[in-house]
1. I'd like the residue in the stretch 164-175 that is in a loop (DSSP other than H, G, I, E, B) and buried (at least 24 other Cβ atoms within 10 Å of the Cβ) and, out of all such residues, is nearest to the ligand (Cβ to nearest atom).
2. Before we move on, is LEU300 away from the ligand (no atom under 16 Å from the Cβ) and in contact (Cβ under 8 Å) with a residue 12 or more places away in the chain?
3. Quick check on the stretch 106-142: of everything there that is surrounded by fewer than 16 Cβ atoms within 10 Å (Cβ to Cβ) and of a type in the set (Asp, Glu), which residue is farthest from SER301 (Cα to Cα)?
4. Taking the stretch 189-202 only, how many residues are in contact with a strand residue (DSSP E or B) (Cβ under 6 Å, 6 or more places away or on another chain) and either of a type outside the set (A, V, I, L, M, F, W, C) or in a helix (DSSP H, G or I) (or both)?
5. What pairs come up if the first residue lies in the stretch 121-143 and is hydroxyl-bearing (Ser, Thr, Tyr), the second is away from the ligand (no atom under 11 Å from the Cβ) and at pLDDT 95 or above, and their beta carbons are under 6 Å apart, counting only those six or more places apart or on different chains?
6. Of the numbered conditions (1) modelled with pLDDT of 95 or more; (2) in contact with a Ser or Thr (Cβ under 8 Å, 6 or more places away or on another chain), THR3 fails exactly one; give the number of that condition.
7. Is one or more of the residues making up the stretch 17-26 among the acidic types (Asp, Glu) and under 19 Å from the mean Cα position of the chain (by Cα)?
8. Of everything in the stretch 60-105 that's buried (at least 22 other Cβ atoms within 10 Å of the Cβ) and closer than 30 Å to THR30 by Cα, which residue is nearest to the chain's Cα centre (by Cα)?
Amino acid sequence: MTTPIDRSTTWPYESGEPGAFSYARFSSPTVADAERALGQLEGGEALLFASGSAAATAVVLALLGPGKTVALAEGAYYGTGALLRELERWDVRLVEYDQTAEPPGEADLIWLEAPSNPFLTMPDFDAAAGHPAPVLCDSTAATPIHVRPLERGCDIVLHSATKYLAGHDDALVGALVFGDASTAARVRELRSRTGSVAAPDVAWLLLRGLATLELRVARQSESAGALAQYLRTHPAVETVRYPGFGGLLSFDVADAESARRVETSTRLIANMTSLGGVRSRIEARSRWESERVPPGLLRLSVGLEDPAELWADLEQALA
Ligand SMILES: *Cc1c(COP(=O)(O)O)cnc(C)c1O
């Protein structure tokens, strides 16, 4: 009825030779089951990693090298920029560009984010696909329910599956999905060498999360859309960023002090980081991203609570 968890780290050879599973650093049955499920959702071949950041690291180490340039979407997840700057010590270069326009000519890998976190811009997929370099799309916030990047001309999809895909704030896990089997094989090899594969228990939690993904994301999108509309009418709110789908939005209040007041005054909405869980949460992003974001920017990840109660909570916190 449910997928069993196989926690083995090693399996007997079959007639003296390694079978489909031999050592868990290469792969394991539960990981492979979750990879099949995600691969079907995205329309490609999926690989699971210990985190979204481990997946991002594997892409760079497997596919790039010294002197190669990543063109990263401006305003993408701050941790991706921080990771790529870390890798600059190995002479992997980073340029940031406006993903709503043409990518820069010198790029060896184009790194989109759909929609960007926390600025909520959507990439110009056609402009990226027209560039000769391979295109990766971090689709963590969109999920395959709203965007399937491989169908939009991208070569690789990245997920922090920690967020919507697992969905319950109890599994740290990342994923890559490839349109092309030889690129997948290259990255799988790197994953085996570096040992960044996901654990079986986490893969099982991901499988459980995927079973309700569509329902969760539909509810979160509906509620987030309603909240974005309410927020646009509120006199204390200056800017609302919402791409029209998904459960993630951001909005600005006057300054850092106002943002602090709002995030510490909500009751139903937790004041904590991350996104994509069943519980709504809000935070001022300047604590992590400093001057990269407006001081009054609040990021709101909408969960499964009653949207009327969420709005009542935001209204009293904004008052
Ligand atoms: C959280 C996040 C990541 C990093 O994923 P981890 O699982 O935390 O390592 C990457 N991209 C986006 C858009 C994220 O929100």
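The values are calculated or read from the model by the stated rules, or taken from the named source; none is laboratory data. A quick note: this is a predicted structure, and the numbers were derived from the prediction, not measured. As a convention, Cβ positions derive from the backbone with ideal geometry for all residues, glycine included, and neighbour counts pool all protein chains shown.
1. Step one: filter the stretch 164-175 for residues in a loop (DSSP other than H, G, I, E, B), giving 164-173.
With the extra rule that they be buried (at least 24 other Cβ atoms within 10 Å of the Cβ), the set shrinks to 164-167, 173.
Working: TYR164: 9, LEU165: 10, ALA166: 9, GLY167: 13, VAL173: 7 Å.
So, considering only residues that are in a loop (DSSP other than H, G, I, E, B) and buried (at least 24 other Cβ atoms within 10 Å of the Cβ), the one nearest to the ligand (Cβ to nearest atom) is VAL173.
2. Values: away from the ligand (no atom under 16 Å from the Cβ): no; in contact (Cβ under 8 Å) with a residue 12 or more places away in the chain: yes.
Criteria not met by LEU300.
3. Per the stated criteria, the residue is GLU106.
4. Here is the first cut: in the stretch 189-202, the residues in contact with a strand residue (DSSP E or B) (Cβ under 6 Å, 6 or more places away or on another chain) are 191, 196, 198.
Cutting the leftovers down to either of a type outside the set (A, V, I, L, M, F, W, C) or in a helix (DSSP H, G or I) (or both) gives us 191, 196.
Within the stretch 189-202, residues that are in contact with a strand residue (DSSP E or B) (Cβ under 6 Å, 6 or more places away or on another chain) and either of a type outside the set (A, V, I, L, M, F, W, C) or in a helix (DSSP H, G or I) (or both) number 2.
5. Taking only residues 6 or more apart or on different chains, the pairs are THR121/THR100; SER139/VAL147; SER139/PRO149; SER139/VAL157; THR143/VAL217.
6. (1)
7. Restricting attention to the stretch 17-26, the residues satisfying the condition of being among the acidic types (Asp, Glu) are 17.
Going one step further and asking which of them are under 19 Å from the mean Cα position of the chain (by Cα), we end up with none.
Checked the stretch 17-26: no residue is among the acidic types (Asp, Glu) and under 19 Å from the mean Cα position of the chain (by Cα).
8. Per the stated criteria, the residue is TYR77.
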